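Below is one structure, written out as structure tokens; comments come after it.
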Amino acid sequence: MSNPFWHGVFPAITTQLKKDQSIDLDATARHVEALIDSRVSGIIFLGSLGENQALTANEKRQVIEAMVKVVNGRVPVLSGVAETSTSEACRYLRDVEGLGVNGCMLMPAMLYRGDPRETMTHFRTAAKATGLPIMIYNNPISYANDITPEMFAELAEEKNFVALKESSGNTRRITDIRNVVGDRYAIFTGVDDLVLESAILGIDGWVAGSGIAFPAENQYFWDLTRAGEWDKAREIYRWFSPLLHLDVHIKFVQYIKLAVQECGLGSEWVRAPRLPLTGSERKQILKIIHDGIAARPNTPARSSVKGNGHVSSSDRRNAPSRANKLQTST
């Protein structure tokens, strides 16, 4: 795949909530605008960071329907698919296809550790339920099912599998996947604090987590990796790393939502059983966030770094103006 189907920064956005735990579509839409303004290449709604599994079926469809209208074709819209059964995954894929998403990020069946045959059957069956392009999400640390390079090779016959989100935490996998399947898939990293290491090994994209609180810096860093400006990228990475570490903790949703709040892009409210941070833990995470804000590097207002598939600030000024935001209420 010399020209990957998807590439660049595809942030996994939070689902913004109100204090009473109801969905705040207006706040989610405002965050979408900040991400698009930073020049992301796509947005993933309802991933793990989007609290997919804590939302009701109706809420998930409500979020997707509203956000497809908010984005209005400016970047690809993907939805996470995190269902407990294969049949529900197929149902959800068909529903969001009808709502106008551009693709999906498909997880293994939740709550069940399948063997390779069962995992492969789940993915194949889901793929046949839709014409949408699909990013396969491999996260054996969180979801117990490991999709090996050899399994990816077997799944290559399914044409709508176009990308992989590799979150095994083992950067060796990137090279192993390339050696086994070549350029069949676009490879995204999903582990924030391994993104520089992964970029050096040759990835196509990044499903960013912590960076949704720092979208301008996140995009600038990514552009530096695309341009091969490794010294500058390493400097930004050293500043960024304490913040990127927030993405790999069991409370990553609470940590990143708190960062989003402190950066003025949303609120920290989460859906139970998650609870907002308190006490010494909250103070510790706030210090990391506030230290990051205080040491924020100077980045171009519009990064002029040119990497693969990215445009300069002068190119962007000549692009059509953004569509008006959808006005929504809950």
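The values are calculated or read from the model by the stated rules, or taken from the named source; none is laboratory data. None of these values were measured; they are calculated from a predicted model. Because the Cβ atoms are built from the backbone with ideal geometry, glycine has one as well, and the counts that use them run over all protein chains shown. Each accessible area value is taken on the protein alone, full model and side chains, heavy atoms only, with ligands, DNA and RNA left out. Shrake-Rupley method; radii C 1.70, N 1.55, O 1.52, S 1.80 Å.
Give me a count of the residues in the stretch 1-44 that are small (Gly, Ala, Ser), open to solvent by less than 10 Å² (accessible area, probe 1.4 Å) and part of a loop (DSSP other than H, G, I, E, B).
Residues in the stretch 1-44 being small (Gly, Ala, Ser), open to solvent by less than 10 Å² (accessible area, probe 1.4 Å) and part of a loop (DSSP other than H, G, I, E, B): 1 in total.
Consider only pairs whose beta carbons are under 9 Å apart and that are at least six residues apart or on different chains; among these, list those whose first residue lies in the stretch 1-30 and is farther than 30 Å from residue 203 by Cβ and whose second residue is among the basic types (Lys, Arg) and in a helix (DSSP H, G or I).
Qualifying pairs under 9 Å: 17/257.
Please go through the stretch 255-264 and give me each residue that is in contact with a helix residue (DSSP H, G or I) (Cβ under 8 Å, 6 or more places away or on another chain) and either surrounded by fewer than 21 Cβ atoms within 10 Å (Cβ to Cβ) or among the acidic types (Asp, Glu) (or both), ordered by number.
Selection gives 262, 263.
What number of residues within the stretch 114-132 satisfy the criterion of being part of a helix (DSSP H, G or I) and either open to solvent by 30 Å² or more (accessible area, probe 1.4 Å) or not hydroxyl-bearing (Ser, Thr, Tyr) (or both)?
Counting residues in the stretch 114-132 that are part of a helix (DSSP H, G or I) and either open to solvent by 30 Å² or more (accessible area, probe 1.4 Å) or not hydroxyl-bearing (Ser, Thr, Tyr) (or both) gives 12.
Does residue 223 count as crowded, with 24+ Cβ neighbours inside 10 Å and in a helix (DSSP H, G or I)?
yes
Output the number of residues of the stretch 164-193 satisfying the condition of being assigned to a helix (DSSP H, G or I) and either in contact (Cβ under 8 Å) with a residue 24 or more places away in the chain or within 16 Å of the chain's Cα centre (by Cα) (or both).
From the stretch 164-193, those assigned to a helix (DSSP H, G or I) are 172-181, 192-193; that's our starting set.
With the extra rule that they be either in contact (Cβ under 8 Å) with a residue 24 or more places away in the chain or within 16 Å of the chain's Cα centre (by Cα) (or both), the set shrinks to 173-181, 192-193.
Here the count works out to 11.
I want to confirm something. Restricting to the stretch 243-254 and keeping residues that are without any contact (Cβ under 8 Å) to a residue 40 or more places away in the chain and open to solvent by 20 Å² or more (accessible area, probe 1.4 Å), which single residue is nearest to residue 281 (Cα to Cα)?
Taking the candidates together, the pick is 251.
Which one of these does residue 111 not meet: (1) open to solvent by 40 Å² or more (accessible area, probe 1.4 Å); (2) farther than 19 Å from residue 47 by Cβ; (3) in contact (Cβ under 8 Å) with a residue 24 or more places away in the chain; (4) assigned to a loop (DSSP other than H, G, I, E, B)?
For residue 111, the failing item is (2).
Residues of the stretch 133-156 being surrounded by fewer than 21 Cβ atoms within 10 Å (Cβ to Cβ), in a loop (DSSP other than H, G, I, E, B) and touching a helix residue (DSSP H, G or I) at 6+ places or on another chain (Cβ under 9 Å), which ones?
Those that are surrounded by fewer than 21 Cβ atoms within 10 Å (Cβ to Cβ), in a loop (DSSP other than H, G, I, E, B) and touching a helix residue (DSSP H, G or I) at 6+ places or on another chain (Cβ under 9 Å): 146, 148, 156.
Given the conditions (1) over 16 Å from the mean Cα position of the chain (by Cα); (2) at pLDDT 95 or above; (3) within 25 Å of residue 102 (Cα to Cα); (4) open to solvent by 20 Å² or more (accessible area, probe 1.4 Å), which single one is not true for residue 204?
Looking at each condition in turn, residue 204 falls short on (1).
Please state which one of 211, 169 is closer than 26 Å to residue 259 by Cα and open to solvent by 30 Å² or more (accessible area, probe 1.4 Å).
From the options 211, 169, the qualifying one is 169.
Based on what the data block shows, is residue 240 farther than 27 Å from residue 33 by Cα, open to solvent by less than 40 Å² (accessible area, probe 1.4 Å) and of a type in the set (Phe, Trp, Tyr)?
No.
Would the stretch 266-284 turn up any residue that is in contact with a strand residue (DSSP E or B) (Cβ under 8 Å, 6 or more places away or on another chain), at pLDDT 95 or above and small (Gly, Ala, Ser)?
yes
Considering the stretch 87-107 alone, what residues qualify as being within 20 Å of residue 163 (Cα to Cα) and either surrounded by fewer than 24 Cβ atoms within 10 Å (Cβ to Cβ) or among the β-branched types (Val, Ile, Thr) (or both)?
If the condition is that a residue be within 20 Å of residue 163 (Cα to Cα) and either surrounded by fewer than 24 Cβ atoms within 10 Å (Cβ to Cβ) or among the β-branched types (Val, Ile, Thr) (or both), then 90, 94, 96, 97, 100, 101, 102 are the ones that fit.
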